[in-house]
Amino acid sequence: MIRTAAMAILFATSFVTHAADQASAKADPAKGKLVAESICVACHGVDGNSASSANPHLAGQIEQYIYKQLVNFQAVDDKPAARDNAIMAGMVAALTDEDKRNVAAWYASQKLKPEAAKNEASIALGKKLWRQGDFKKGIPACAGCHGPAGAGLPAQYPRLAGQFAEYTEAQLKAFRAEERANDPEKMMRMIAAKLSDVEIKAVADYAAGLR
């Protein structure tokens, strides 16, 4: 139900706010650029504008969100990483906490070169899901967390506007299959479980065109 999703959002707030407090510690974007140039450039580009939809754009993404993902990719005290990705696990293995803060600050400060919506036939469905959700299926509006224009909420929910539609689609499907499980209180997994392939594709494409 939508009420259930709303409660999950409320419970998640304290968790993500804690992550935000950690990420807001002093960061040096100039040092972050050096990390980007030596480790991240091949997949995400120095300026955070990826050349491939397999790798997300990081330019202009919320700093605290980037930091949280970097933390989640890293195993701690022999415990599995909160976000399972063999490639990213290798990339973050040697990064200090300071490195993660710095590179997050660097990419957040860069200007996004946004993607565009490509499928005119699904625009109406994507727009409806983004703005209204689907009450009958218990799907809340995406705009409730990610904002009407897809800018996200600092320290809580990522920016999706201008992101590769293919990447957003892949992540929604990963949440649905519970292959990605680093969402607080299983919020995205609960929502994605109610979305069909057609709905996922439509809302991902619509988000790509948001500004």
Surrounded by 21 or more Cβ atoms within 10 Å (Cβ to Cβ) and within 26 Å of Phe73 (Cα to Cα): is that true of Ala93 in this structure? no
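Is region 147-161 home to any residue that is under 29 Å from Ala104 (Cβ atoms) and part of a helix (DSSP H, G or I)?
Checked against the condition, which is being under 29 Å from Ala104 (Cβ atoms) and part of a helix (DSSP H, G or I), region 147-161 yields no hits at all.
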Just checking, which of Leu160, Leu112 is open to solvent by 30 Å² or more (accessible area, probe 1.4 Å), closer than 24 Å to Cys40 by Cβ and of a type outside the set (Asp, Glu)? Leu160
Could you list, ordered by first residue, the pairs with Cβ atoms under 7 Å in which the first is in region 131-150 and in contact (Cβ under 8 Å) with a residue 24 or more places away in the chain and surrounded by 17 or more Cβ atoms within 10 Å (Cβ to Cβ) and the second is in a helix (DSSP H, G or I) and of a type in the set (Phe, Trp, Tyr), at least 6 apart or interchain? Cys142/Trp130
How many residues, within region 184-211, are crowded, with 20+ Cβ neighbours inside 10 Å and within 19 Å of Ala155 (Cα to Cα)? 2
Consider region 47-76. How many of its residues are β-branched (Val, Ile, Thr), open to solvent by 40 Å² or more (accessible area, probe 1.4 Å) and touching a residue at least 12 places away in the same chain (Cβ under 8 Å)? 1
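The values are calculated or read from the model by the stated rules, or taken from the named source; none is laboratory data. All values derive from a computational prediction rather than experimental measurement. FYI the Cβ positions are ideal-geometry reconstructions off the backbone, even for glycines, and counts take in every protein chain you see. These area figures cover heavy atoms from the full protein model, side chains too; ligands, DNA and RNA do not enter into them. Shrake-Rupley method; radii C 1.70, N 1.55, O 1.52, S 1.80 Å.
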